[in-house]
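What follows is a short report on a single structure.
The values are calculated or read from the model by the stated rules, or taken from the named source; none is laboratory data. Note that the coordinates shown come from a computational prediction; the quantities given were computed from them, not determined experimentally. Heads up, the Cβs are rebuilt from the backbone with ideal geometry, glycines too, and the neighbour counts pull from every protein chain shown. Only protein heavy atoms, including side chains, enter the accessible area calculation; ligands, DNA and RNA are left aside. Shrake-Rupley method; radii C 1.70, N 1.55, O 1.52, S 1.80 Å.
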Amino acid sequence: MSLVRLINLPSLGDERGGLVVLEGNDTVPFDIKRVYYIFNTQKDVSRGFHAHKQLKQVAVCIKGKCRMLLDNGLTQESVLLDSATKGVLIDAMVWHEMHDFSDDCVLLVLASDHYDESDYIRKYDEFLIKV
Ligand code: T46
């Protein structure tokens, strides 16, 4: 199975504009406990560089674009998030990095749990030992 699991988010837009739905335990394959968004990312700044022990997340660029690199310790794959209807699943124990943010990028992230710093693996060497 590909490391990149894209989720086609239902688009209910009409002549008035766009409307995209993200539903927990439906298009988003877990109970959504937390939502955050990343925006105004400065030029040439990359983010992420960690894996989560338990947390599952779905990320979608609701405006603009960025590139998400996913790494399971064996292979790396990159996906361009460039549509408000294109979500990507960031599973537990997948190293992820976000690069090439456009100036207008708003990256929305839905998470399966509350924030917990002890769930992060922020050192790549440690990730490779644990994965
Ligand atoms: C992830 C990628 C996609 C909190 O206190 N609560 C929160 O809910 C979040 C998300 C972050 N923080 C704190 C932790 C750091 O002190 O905010 C600071 C910045 O977080 P971080 O450096 O982890 O940001 P990114 O963009 O590297 O990673 C974020 C998420 O933290 C992470 O879970 O998977 O986006």
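Just a few scattered comments:
- The count of lysine pairs in region 1-120 with alpha-carbon distances below 19 Å, taking only pairs 8 or more places apart or on different chains, stands at 7.
- Residue 125 sits with roughly 110 Å² accessible to a 1.4 Å probe, with DNA, RNA and ligands left out of the calculation.
- Diffusion coefficient (Stokes-Einstein, Kirkwood radius over C-alpha pairs, 37 °C, 0.692 mPa s) for the chain: 217 µm²/s, rounded to a whole number.
- The magnitude of the dipole of the chain, with charges of +1 and -1 set on the Cβ of Lys/Arg and Asp/Glu and taken from the Cα centre, is near 80 debye.
- Bridges between two residues of the chain, per DSSP, are antiparallel at a rate of about 95%.
- Modelled spin labels at residue 123 and residue 26, positioned 7 Å past Cα toward Cβ, are 4.3 nm from each other.
- Label-zone membership for region 1-43, site residue 74, 7 angstrom Cα→C-beta point, backbone N under 17 Å: 1-5
- Relative to the current alpha-carbon distance between residue 109 and residue 12, full extension at 0.36 nm per residue lengthens the span by 32.9 nm.
- Heavy-atom accessible surface of region 6-119, averaged per residue, reaches 55 Å², computed with a 1.4 Å probe.
- Positive-end residue, region 1-59 charge dipole about Cα centroid, Cβ charges, pick of 13, 50, 27: 50
- Each residue of region 51-68 was assigned a 3J(HN,Hα) from its phi angle through the Karplus curve 6.51 cos²θ - 1.76 cosθ + 1.60 (θ = phi - 60°); the sequence is 10, 10, 5, 10, 5, 10, 9, 10, 10, 8, 7, 7, 8, x, 8, 7, 10, 10 Hz, with glycine and proline shown as x.
- Close amide-amide hydrogen proximity is noted between residue 50 and 96, each under 5 Å apart and 5 or more residues distant or on a separate chain (H modeled in the peptide plane; Pro and chain starts excluded).
- For region 64-104, a simple Cβ point-charge model (Lys and Arg +1, Asp and Glu -1, everything else neutral) yields a dipole of about 100 debye relative to the Cα centre.
- Per-residue accessible area (protein heavy atoms, 1.4 Å probe) orders 22, 74, 6 as 74, 6, 22, starting from the largest.
- Relative contact order (%) - criterion: Cα under 8 Å, at least six apart; region: region 42-131: 43
- Per-residue [θ]222 nm for the chain (sum of -39500 (n - 2.57) over DSSP H runs n ≥ 4, rounded to 500): -1500 deg cm²/dmol
- Charge tally in the Cβ shell below 12 Å around residue 67, where Lys, Arg are +1 and Asp, Glu are -1, residue 67 excluded: -2
- Relative contact order for region 1-84, counting Cα pairs under 8 Å that sit 6 or more residues apart, in percent: 26
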